[in-house]
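Nothing in this text is a laboratory measurement; each read-out follows from the coordinates by a stated rule. All values derive from a computational prediction rather than experimental measurement. Cβ atoms come from the backbone with ideal geometry, glycine included; neighbour counts cover every protein chain shown.
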Amino acid sequence: MRRQKRDMTERAFSKGYQAGSSGRHKEACPHDNGDVRQQWLTGWREGRTDQWDGYTGVSGIHKLELH
């Protein structure tokens, strides 16, 4: 069975969320492309917000399933 490729913006959001929730800086964004970079930063902001609100570790896993 073949795996479908995920949308690059969806993947960027997910990776950005993971980076933000783990406390990495937004300068760590690996993308230069405008749309993909914007999605990574949006995910990063949401991840940082969740980290500040206490949704880290097991309590934040449900957020990754939605995006």
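By how many nm would the segment from Tyr55 to Asp7 grow when fully extended, if each residue of separation counts as 0.36 nm and the alpha-carbon distance is taken off? If you can, show how the numbers build up before the last one.
On the way: separation 48, 0.36 × 48 = 17.28 nm, distance 2.56 nm.
Length difference between fully extended and current span is 14.7 nm.
Hey, can you rank 23-31, 11-19 by average C-beta count inside 10 Å, highest first?
Descending mean neighbour count gives 11-19, 23-31.
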